[in-house]
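Chemist: To start, I am sharing the structure in question, which I have written as structure tokens.
The values are calculated or read from the model by the stated rules, or taken from the named source; none is laboratory data. Quick caveat: nothing in here was measured; it's all calculated off a predicted structure. Please note: Cβ atoms are built from the backbone with ideal geometry, for glycine as well, and neighbour counts cover all protein chains shown. The area values use the complete protein model at the heavy-atom level, side chains included, leaving out ligands, DNA and RNA. Shrake-Rupley method; radii C 1.70, N 1.55, O 1.52, S 1.80 Å.
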Amino acid sequence: MKILLTIHETLDPNSGSAGSTIKLGQYYQKLGHEVHYYSIDNLPKWLPTLIKELLFPEFVANHIAKLSRQQPVDVVDASTGDAWLWAKIPRLSRHKSPMLVTRSHGLEHLKHLADIEDAQQGNLRLSWIYPLYRGSFRLWEVATSLRYADLIYLLNREEAKYVVEQLGVASERVHVFPNGIPEAFLNLPFEPLPEATDTVIRIAQVSTYIPRKGIHYSAPALNKILTRYPHVHLSFFGTECRECPSVEQVYRDFDPTVRDRIQVVPRYPHEQLPSLLKGHQIKLFTPISEGFGKALIEAMACGLAPITTAAPGPMEIVRDGHDAIVIPIRDSQAIEQALERLITNRSYLEQLRHHAYLTAQSYSWQSVAQNRLALYEEALHPKEKSLANV
């Protein structure tokens, strides 16, 4: 198969959505398929970033049309909102057109609802342009791309329910698939916590430092924990993004007396994450809205016990009390209590760490790619499948 993967972001292997897109493409190639990419990077360099985002569907439509004339592809696998314009353009030979797959990296409609609630609570300030684009037209673009898609790949059951019940998409076209983690993250040595009672406990938060990741609720809880327990250290990895505060601003969220036990690594090569997490035991993951939680499963594979909110993405991965502590969204006290429980109960911490490590081993990109490709094949060759079943 020839597959075109599109994404309305810079194709950065160290970022979440773009990194997942690259990994999918790499494993499709390993499985014998030809893969092409189209991203914001392909647009004219002189265009402002906002204009690139606004015009990306137009560029995608033009690119697919050009490919159809020169080197046709079998499948256009586009992130939500990318290919709605191409899908709506009437085509005389629809049966010869590429199959359209729309994939979510976190459904925008659910993120929008979470942002509105956070703004109402005073924890998020939405710009004046938000209701003009992201809170309106962008949602229409995403909904249109979903309604016109031949197949829809979503990250969790809550997204699937919303797409079917609220957007009116036929359920037979909707499929829930996880993201994967690189092979290098799988089957790493599991390092038990040393027996000494004064062993340093290290907490890791791997995410951008933005309100959607729950920082308004996690920072106060972490401040109290660090003050109460001098042997606890805290690491932030990957805090940097376009709208994120500086490293200095992150430190300012914490009492000066505990800052010497905090490290902030704003950006890192993705393959270095297992090394960065070495010696950490607890993964704090408190999103308000999350499609999947790739950083969560990666930390679990590195032997960290997760504390996570009951957002749709994490709930696809973990079970409360088995391989994680699951807490309510927007609850600083629950974060503090969960952290204290793991810090003061070493046997429970080790139990969760071990179960989390085992859970993570089933999330390989190869199996994810194989399962997604199987649906491509089934949709492209339905007659062959029917004959095989006769």
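Chemist: Taking the conditions exactly as written (surrounded by 19 or more Cβ atoms within 10 Å (Cβ to Cβ), more than 23 Å from residue 200 (Cβ to Cβ), of a type outside the set (Ser, Thr, Tyr) and in contact with a Leu (Cβ under 7 Å, 6 or more places away or on another chain)), does residue 373 satisfy them or not?
Modeler: yes
Chemist: Still on this structure, I have one more. Of the residues that make up the stretch 101-123, is at least one open to solvent by less than 20 Å² (accessible area, probe 1.4 Å), among the aliphatic types (A, V, I, L, M), under 21 Å from residue 38 (Cβ atoms) and not in a helix (DSSP H, G or I)?
Modeler: yes
Chemist: How about the stretch 307-326: which of its residues are open to solvent by less than 10 Å² (accessible area, probe 1.4 Å) and farther than 21 Å from residue 159 by Cβ?
Modeler: Selection gives 307, 323.
Chemist: In contact with a Ser or Thr (Cβ under 8 Å, 6 or more places away or on another chain), open to solvent by less than 20 Å² (accessible area, probe 1.4 Å) and either in contact (Cβ under 8 Å) with a residue 60 or more places away in the chain or under 30 Å from residue 240 (Cβ atoms) (or both): which single residue out of 67, 11, 5 fits that description?
Modeler: Testing whether each residue is in contact with a Ser or Thr (Cβ under 8 Å, 6 or more places away or on another chain), open to solvent by less than 20 Å² (accessible area, probe 1.4 Å) and either in contact (Cβ under 8 Å) with a residue 60 or more places away in the chain or under 30 Å from residue 240 (Cβ atoms) (or both) leaves just 5.
Chemist: So, one more: Would you pick out the residues in the stretch 224-241 that are modelled with pLDDT of 95 or more and open to solvent by less than 30 Å² (accessible area, probe 1.4 Å)?
Modeler: Hits for the stretch 224-241 are 225, 226, 232, 234, 235, 236, 237.
Chemist: For the stretch 252-289, which positions are open to solvent by less than 50 Å² (accessible area, probe 1.4 Å), modelled with pLDDT of 95 or more, assigned to a helix (DSSP H, G or I) and farther than 19 Å from residue 191 by Cβ?
Modeler: If the condition is that a residue be open to solvent by less than 50 Å² (accessible area, probe 1.4 Å), modelled with pLDDT of 95 or more, assigned to a helix (DSSP H, G or I) and farther than 19 Å from residue 191 by Cβ, then 258, 261 are the ones that fit.
Chemist: Counting only residues that are open to solvent by 60 Å² or more (accessible area, probe 1.4 Å) and in contact (Cβ under 8 Å) with a residue 12 or more places away in the chain, how many does the stretch 132-149 have?
Modeler: Of the residues in that region, 3 qualify.
Chemist: Would the stretch 182-201 turn up any residue that is closer than 18 Å to residue 309 by Cα and in contact (Cβ under 8 Å) with a residue 12 or more places away in the chain?
Modeler: Scanning the stretch 182-201 turns up no residue that is closer than 18 Å to residue 309 by Cα and in contact (Cβ under 8 Å) with a residue 12 or more places away in the chain.
Chemist: For residue 191, state whether it is in a helix (DSSP H, G or I) and not aromatic (Phe, Trp, Tyr).
Modeler: no
Chemist: How many residues are within 15 Å of residue 75 (Cβ to Cβ), open to solvent by less than 50 Å² (accessible area, probe 1.4 Å) and of a type outside the set (Val, Ile, Thr) when one looks only at the stretch 150-162?
Modeler: Number of matching residues: 2.
Chemist: Oh, and also: Do you know which residues across the stretch 17-50 are closer than 20 Å to residue 242 by Cβ and either of a type in the set (S, T, N, Q) or open to solvent by 70 Å² or more (accessible area, probe 1.4 Å) (or both)? Spell out the reasoning first.
Modeler: Keep residues of the stretch 17-50 that are closer than 20 Å to residue 242 by Cβ, which gives 17-22, 39-50.
Residues satisfying the conditions are 17, 20, 21, 39, 42, 45, 46, 48, 49, 50.
Chemist: Moving on to the next point. Against the condition within 20 Å of residue 60 (Cβ to Cβ) and among the acidic types (Asp, Glu), how does residue 158 come out, does it pass? It would help to see each step written out before you state the result.
Modeler: Details: within 20 Å of residue 60 (Cβ to Cβ): no; among the acidic types (Asp, Glu): yes.
Answer is no for this residue.
Chemist: Let me ask something additional. For residues that are in contact with a helix residue (DSSP H, G or I) (Cβ under 9 Å, 6 or more places away or on another chain) and open to solvent by 30 Å² or more (accessible area, probe 1.4 Å), scanning just the stretch 70-80, find the one that is nearest to residue 147 (Cα to Cα).
Modeler: 74
Chemist: Any residue in the stretch 274-294 that is closer than 20 Å to residue 177 by Cα and without any contact (Cβ under 8 Å) to a residue 60 or more places away in the chain?
Modeler: Yes, the stretch 274-294 has at least one match.
Chemist: Let me ask something additional. Kindly list the number of the only condition in (1) in a helix (DSSP H, G or I); (2) on the phi > 0 side of the Ramachandran plot that fails for residue 146.
Modeler: Only one criterion in (1) in a helix (DSSP H, G or I); (2) on the phi > 0 side of the Ramachandran plot is unmet by residue 146, namely (2).
Chemist: Sticking with this structure for a sec: State whether one or more residues within the stretch 247-267 are within 22 Å of the chain's Cα centre (by Cα), touching a residue at least 40 places away in the same chain (Cβ under 8 Å) and under 21 Å from residue 105 (Cα atoms).
Modeler: yes
Chemist: Here is a follow-up. So which of 343, 307 is on the phi < 0 side of the Ramachandran plot and touching a residue at least 60 places away in the same chain (Cβ under 8 Å)?
Modeler: That would be 343, the only listed residue that is on the phi < 0 side of the Ramachandran plot and touching a residue at least 60 places away in the same chain (Cβ under 8 Å).
Chemist: On to the next question. Yes or no: the stretch 333-343 includes at least one residue that is at pLDDT 95 or above, within 25 Å of residue 219 (Cβ to Cβ), charged (D, E, K, R) and surrounded by fewer than 19 Cβ atoms within 10 Å (Cβ to Cβ).
Modeler: Applying the first criterion (at pLDDT 95 or above) to the stretch 333-343 yields 333-343.
Restricting the remaining residues to those that are within 25 Å of residue 219 (Cβ to Cβ) gives 333-343.
Filter again for charged (D, E, K, R), leaving 336, 340-341.
Checking which are surrounded by fewer than 19 Cβ atoms within 10 Å (Cβ to Cβ) leaves us with 340-341.
Within the stretch 333-343, one or more residues are at pLDDT 95 or above, within 25 Å of residue 219 (Cβ to Cβ), charged (D, E, K, R) and surrounded by fewer than 19 Cβ atoms within 10 Å (Cβ to Cβ).
Chemist: Pick from 61, 83, 87: which is over 24 Å from the mean Cα position of the chain (by Cα), under 21 Å from residue 10 (Cβ atoms) and among the small types (Gly, Ala, Ser)?
Modeler: After ruling out the rest, the residue left standing is 61.
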